[in-house]
Amino acid sequence: MKNFLRCGLFLLVAAAVLSACAPAIPTLPPEAIYTAAAETMETRLTLAAGETAVALLTQMAQSPTPTPVMPTLPPPLPTFTSRPPTSTPTPVPPTPIPATCDLASFVEHVTIPDYATFVPGANFIKTWRVQNVGECIWTPAYSLVFASGAALGAPSVVGLAGTVRPGESFDISVSFTAPMETGFYEGRWVLRSPSNQIIDILSSEQTALWVRIQVVPLTPSTDFSLDMAVNACEARWRSGTGLLGCPGRQDDRNGAVMLLTEPNLESRRENELAIWLRPNQGSNGSISGEFPAYRIRDGDRFMAEIGCLRDNPRCNLTFRLDYRALDGELWNLGAWDEVYDGFTTDIDIDLSALAGQTIQLILGMTNHGNYQDANGFWFAPHIDNVIPTSQLVLNWRRQGGLRNVCDDLRIYLTGRRSGEARASTCRDNARELGRSSLSAQELDQVLNWIDRFSAFDGEVYLASTDDPVTSYLVFQGRGRSEALSNDINLISSFAQSLFNELSR
């Protein structure tokens, strides 16, 4: 009995000792703690529970008494709430974004920069340069599509001309026509894949390509007697295949005539009007325009510049200037050969030999080279008169009398062999009463006085009982002699006769 009690007491003491040696399980506060601290406490509690279980199992195996002792399980872990860390976390490199299959980049405007100016109805071709910066190969099934704004007479869809591989650049062109109304116009175009997906265009606005133009009024130059560029569409145009409309289209194989406000000549860029001509396709294709009738004055000169347009290296053309007389007979005024060599030809032809005749000028061009490069121009073709039309020779005025008249006659030289008389009244804001060209006899008389007399002014008083008047005259002669009274009376009578004739 004493041994049994001693053994039992030993076991109780041993259990108490083992229990005192086991790690204590901390009591966690109910409030949340940081996540890192929670993970550390969880690991420590798990290890402590395992060590306690191993010690108890060892004791049970060594004890002769088969009485099982159940281990005390740790309390359940509390629920923790995460809080932001107090220090900045280490940056994590971004995950690379895979390359896009279809992606484009705008490179440049090859032709027609933004806000280029055109006259109403002018035809032009806009070319953009674009690069394929995606991973996919573009085929002719890809296209440029009109999206919004002003269509400017262009087709709604333009396909790619060929295959474009990743990294390659390509040019895509669209033919446009400027509206007839002046103002600012713009159109938005987008690239589209065969699956009808819009392709993003880098370095561009809103993933689009734009055409922007300004249409300005068509105003003739006040410096020319006849501005043929402004009046280009009043001419009758035809090619080797027949009549042509004006303006035309560059891609018309029958030929075309177009206006350029900022022509890019083979030698330079200009800012005046040029007539762009393209002959019909085929061997020795041709194009010509016959302008409305024009009466040639003494001193008239035809002036223009001709050549090939820029970027047409195989251009080989012959230009012609002809005219048709009223009887229908055709005459040539000159012919010039032009190739793409960086040089142009200035034309200056004196038309005084045709003074007094009414003719129709004809601008023509024939192709001897590659059809695609047969792009020629007539830059600023016009007729100018080198003799001032305001060269006043005689100013005659008659005033007084019972009717209180105030008559005025002025004679002008309009050329080396032409003159004009203009009659008006001094009253009613100098209202014009009539004008007429001088006849050959009248012109000879005036030229004779000019060559004989120096400049003078005179006065002739014609008295009568019923209507006395005084005539005053100023004469611009270039001779050496001074006019005598008889000369002054003769010139005054000549002027009075012209005035009476014109004022009837």
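Throughout, read-outs are computed from the coordinates displayed, never taken from laboratory work. Note that the coordinates shown come from a computational prediction; the quantities given were computed from them, not determined experimentally. Using ideal geometry, Cβ is built from the backbone for each residue, glycine included, and neighbour counts are taken over all protein chains shown.
Hydrodynamic radius of segment 173-307 by the Kirkwood approach over all distinct alpha-carbon pairs: 18.1 Å. Using the Cβ of SER481 as centre and a radius below 13 Å, the other residues enclosed give a net charge of 0, where K and R count +1 and D and E count -1.
The orientation-averaged projected area of the convex hull spanned by the Cα atoms of segment 391-502 comes to 6.9 nm².
Applying the criteria of a DSSP loop state and at most 16 other Cβ atoms within 10 Å to the chymotrypsin sites (Phe, Trp or Tyr not before Pro) of segment 319-426 yields PHE343. Dipole check for segment 391-502: with +1 at the C-beta of Lys and Arg, -1 at the C-beta of Asp and Glu, and the Cα centre as origin, the magnitude is about 360 Debye.
Per the Debye formula on identical point scatterers at the alpha carbon atoms of segment 247-314, with no solvent, log10 I(q)/I(0) at q = 0.17, 0.26 Å⁻¹ is -0.79, -1.28. For segment 261-312, trypsin sites (Lys or Arg not before Pro) are listed when DSSP marks them as loop and at most 13 other Cβ atoms sit within 10 Å of their Cβ; the list is ARG268. Other residues lying with their Cβ under 10 Å from the Cβ of THR261 contribute a combined charge of -3, Lys and Arg counting +1, Asp and Glu -1.
For the pair VAL145 and ASP348, label points projected 7 Å from Cα toward Cβ lie 5.7 nm apart.
Shape summary of segment 226-385, radius of gyration then Dmax from alpha carbon positions: 14.8, 43 Å. Computed on segment 245-309, with alpha-carbon pairs under 8 angstrom and 6+ residues apart, the relative contact order is 27 percent. Count the net charge of all other residues whose Cβ sits under 15 Å from the Cβ of GLN445, scoring Lys and Arg as +1 and Asp and Glu as -1. Residues near GLN445 contribute -4 overall.
Here the extension length gained between ASN500 and SER195 equals 101.3 nm, from 0.36 nm per residue of separation less the Cα-Cα distance.
Computed extension length for ASP451-ALA335: 37.8 nm, one decimal, from 0.36 nm per residue of separation with the Cα-Cα distance subtracted. Of the residues CYS308, CYS101, CYS233, the one with the fewest other Cβ atoms within 10 Å heads the list, and the complete ranking is CYS101, CYS233, CYS308.
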